[in-house]
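Values quoted throughout were computed directly from the atomic coordinates according to the rules given, and no laboratory measurement underlies them. Given the structure is predicted, the values throughout are model-derived calculations rather than measurements.
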Amino acid sequence: MPVSHKARRRLSLLILLVGLPLYIIVAVSVINALDRPSILVELLVYVVLGVVWALPFKFIFKGIGQADPDKPDS
């Protein structure tokens, strides 16, 4: 079931405004659970978690910055 461009824009905004801060809290909690490892391990965890969060949402964010292809030309 394809999602309209307008719905994808709204969903991406929701993900960025609500989901991303929650994910950041989870990432910081993971680091705290590891009892503050060395700076290189901490950097590696943040980089991996920073990339992993966006992978499931790739299809939502793709093409959001473009003009609405469903809208007729005026």
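Computed values, structure above
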item	result
Region 5-58: translational diffusion in µm²/s, Stokes-Einstein, Kirkwood Rh over Cα pairs, 4 °C, 1.567 mPa s	105
At least 30 Å along the helix axis (C-alpha) and Kyte average at least 0.0, DSSP helices within the chain	none
